[in-house]
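> Have a look at this one.
Any read-out appearing in this document is the output of simple, stated calculations on the displayed coordinates, not a laboratory observation. Note that the structure is predicted; figures quoted are calculated from it, not measured. Positions of Cβ are backbone-derived with ideal geometry, glycine not excepted, and every protein chain shown enters the neighbour counts.
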Amino acid sequence: MARAIVLRVNHREDLFKYDDLIGGDVFITNDVPHFITVPTTAGTGSEVGRSAIIADDETHQKKILFSPKLLAKIVFADPELTFDLPPFVTAATGMDALTHNMEAFIAKMPHPICEGIALEGMRLIHLSITKAVKSPDLESRSQMLLASMMGAIAFQKGLGVVHSLAHPLSSLLDTHHGLANAVNLPYGMRFNSGVVPDAFRRMAQAFDLRDTTGEALVQYLFELNDRIGIPHHLRDIGVEPKHIEQLANLAIADFAHPNNPRPVSRDQFKNLYEEAL
Ligand SMILES: [Fe+2]
């Protein structure tokens, strides 16, 4: 929101004209006012990002306003500002950060630096998310805030099928973004597990799992959701069978999945929603 506002100051066309997905970034030519970011959740990592994501009320699609000019000049990342987050928001936003790190790590676009950052982000979340949700202290809040920034830095490399499953839930049903990712994450990772086994092994190592198979990692994610109070099924967060066709239409049009390591079709999105339902 803040980035959309600072963009607006010196760019007066309809905001969606600047949509990166239709090449609108070329119209972002003027300076934006000096601005700083102060995260108050540990999740999106938006404080270190360069884009504003806005849902179009008419098409329910998410639009991206992207420009290096939208990078904050200063970030104040103070974990004390997240102390009062309630457990649910801590859990859901934390799982958004985990999804960023995992999807970025396996995204198709090669970027070894981002991959290293993503692995460390996963490790920090593994160590701290349950504590941050259940009995937060300075260390767990600090690690979650760092991991959140790491996720957002890493996902310059791209995201994947989980975000494409999650975005339509938010734009159509107003589902919390982190919650939508958290519920879909085990299913999306299972979808990907066969195509990048080495990457899955390294992610399992980051989570300190003895069994480094894809399915062991999927089970770890289900158990993690259990521990922090996130349900296993979309039906528990207000999704009904009648929504699936429209969700699949929106998911296939989403910007995140082209970087997924396994290509995904509309029918496969439908199957994934049905599986998660
Ligand atoms: Fe996200």
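> By its C-alpha gyration tensor, with a ≥ b ≥ c as the square roots of the eigenvalues, how is the range 2-75 shaped: rounded for a/c under 1.5, else prolate for a/b larger than b/c, else oblate? Before the final figure, lay out the partial values.
Details: a/c = 2.03, a/b = 1.23, b/c = 1.66.
Oblate is the answer for the range 2-75, as a/c is 1.5 or above yet b/c matches or exceeds a/b.
> Calculate how many DSSP beta bridges within the range 2-75 are antiparallel, expressed in % of all such bridges and rounded to the nearest 5.
Close to 75 percent.
> Could you work out the local net charge near R210, counting Lys and Arg as +1, Asp and Glu as -1, over the other residues with Cβ closer than 15 Å to its Cβ?
Once positives and negatives cancel, what remains is -2.
> Only bridges whose two residues both fall in the chain count here: according to DSSP, what percent of them are antiparallel, nearest 5?
75
> Another question, if that's okay. How much net charge surrounds R123 when only the other residues with a Cβ under 15 Å from the Cβ of R123 are counted, with Lys and Arg +1 and Asp and Glu -1?
Values: positive: K131, R201, R202; negative: E115, E120, E139, D208.
Neighbour charge sum, excluding R123 itself: -1.
> Using only Cα atoms, locate the centre of the range 107-124 and the centre of the range 17-55, then give the distance between them in Å, rounded to an integer.
Each part reduced to its Cα centre gives a spacing of 22 Å.
> Taking amide H positions as placed 1.01 Å from N in the peptide plane, with prolines and chain starts having none, which residues 5 or more places from A55, or on another chain, fall under 5 Å of its amide H?
Those qualifying (amide H under 5 Å, at least 5 residues apart or on another chain) are K63.
> 5 Å is the cut-off here: which amide hydrogens, built 1.01 Å from N in the peptide plane, fall below it relative to D19, excluding neighbours closer than 5 in sequence?
Correct list: G24.
> Continuing with the same structure: For the ranges 160-172, 214-226, what's the packing order if you count other beta-carbon atoms within 10 Å of each residue, average per peptide, and put the highest first?
160-172, 214-226
> Anything in the chain that counts as a DSSP H helix reaching 27 Å or more along its axis (C-alpha) with Kyte-Doolittle mean of at least -0.5? List them, would you?
The answer, listed by residue number, is 87-106, 112-134.
> Could you tally the net charge around L71, taking each other residue with its Cβ under 13 Å from the Cβ of L71, Lys/Arg +1 and Asp/Glu -1?
In short, +2.
> Tell me the label-point distance for the pair R235, A55, using the 7 Å Cα-to-Cβ offset, in nm and rounded to one decimal.
2.3
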